[in-house]
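Here is the structure we will look at, set down as structure tokens.
The values are calculated or read from the model by the stated rules, or taken from the named source; none is laboratory data. On a predicted model such as this, the values are computed, not experimentally measured, just so you know. In this analysis, Cβ positions are derived from the backbone assuming ideal geometry, glycine residues included, and neighbour counts consider all displayed protein chains.
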Amino acid sequence: MSLLRGFAVIFGLICMGAGAVRAGEVEEVGPQRARAAAQISWADESGRVRNLSEFAGYPVVLLPMYTRCPSACLQTVAQLKKALVDSAADPTQFRVFLFSIDPTDTPATLVAYRQREAVPLSWFLGAADQSNIDALLESVGFQSAKAGTEFMHPNLLIFLDAKLRVGKWIYGTGYTASDVDSALKIASGQNDWIGQHFDILYAILVFAAALLCVALVQQLLRQNLRPRHRPHPESV
């Protein structure tokens with residue numbers, strides 16, 4: 001019985017490990033690593049038309065949002081501000097780009113948004129027409145949909161590397177400064193071994209779980225087939 005308990009414990013640990021790796025796949029559902037961001041044109045708060053290629057040479061924290069967003073964008077921007085205040089990363093070594101997914105946003109609405117939400121002056125705010133919005137969002141794997149006058153979209157930070165390729169991303173608003181620092185390091189060229197070998201790791205864990213399951217079943221069968229010794233009746 002102790003052997004069976006051992007198998008059960010090991011099997012449980014393997015399943016937990018597979019589940020933990022699989023949980024990381026939530027992150028893999030959206031953008032695809034190493035995809036190049038489209039070199040779109042966009043307008044800043046002064047109305048100056050710029051190109052995304054101006055960010056080349058630096059990791060970029062790309063946050064798709066829109067200035068009329070009543071909740072999700074506000075939470076994401078607030079969390080990013082909080083995380084970067086606590087971050088150990090050098091703010092001069094990366095760029096933060098809040099990019100509007102709403103074609104009705106203008107330089108004037110960007111100015112009002114920066115003031116209203118106290119967006120740091122070092123962050124870039126950008127607006128664009130629909131064709132440039134579509135091109136950038138499609139290139140980085142960000143999906144949104146119009147819902148009346150608002151937009152349905154995920155809370156998503158996309159970290160571009162110095163060549164403006166997708167390096168890492170973070171869903172939701174539950175991340176910390178260390179999560180952002182880790183993503184920036186990967187966007188800066190440091191190796192993301194687990195992320196790059198996710199499929200292999202998951203396959204190994206699933207295979208190991210299957211082998212242990214087979215071994216457990218075989219052990220159970222052997223125990224059930226083992227002859228049981230009956231006590232001999234005492235002689236009278």
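Elements of the type strands (runs of 3 or more DSSP E) sitting completely within region 124-226 and holding at least 1 residues that are modelled with pLDDT of 85 or more and surrounded by 16 or more Cβ atoms within 10 Å (Cβ to Cβ): these cover 124-126, 150-152, 156-160, 166-171.
Among the residues of region 107-119, are any buried (at least 18 other Cβ atoms within 10 Å of the Cβ) and in contact with a His (Cβ under 9 Å, 6 or more places away or on another chain)? No, the conditions are met nowhere in region 107-119. Every condition in (1) among the hydrophobic types (A, V, I, L, M, F, W, C); (2) at pLDDT 95 or above; (3) touching a Leu at 6+ places or on another chain (Cβ under 8 Å) is met by A18 except one, and the failing one is (2). Taking the criterion of being more than 16 Å from A183 (Cβ to Cβ), buried (at least 17 other Cβ atoms within 10 Å of the Cβ) and of a type in the set (S, T, Y), would at least one residue in region 81-103 satisfy it? Within region 81-103, one or more residues are more than 16 Å from A183 (Cβ to Cβ), buried (at least 17 other Cβ atoms within 10 Å of the Cβ) and of a type in the set (S, T, Y).
Can you pull out the residues in region 33-62 that are of a type outside the set (S, T, Y), assigned to a loop (DSSP other than H, G, I, E, B) and at pLDDT 95 or above?
A37, A38, Q39, I40, D44, E45, G47, R48, A56, G57, P59
Can V111 be described as β-branched (V, I, T) and within 23 Å of the chain's Cα centre (by Cα)? No: the conditions fail for V111.
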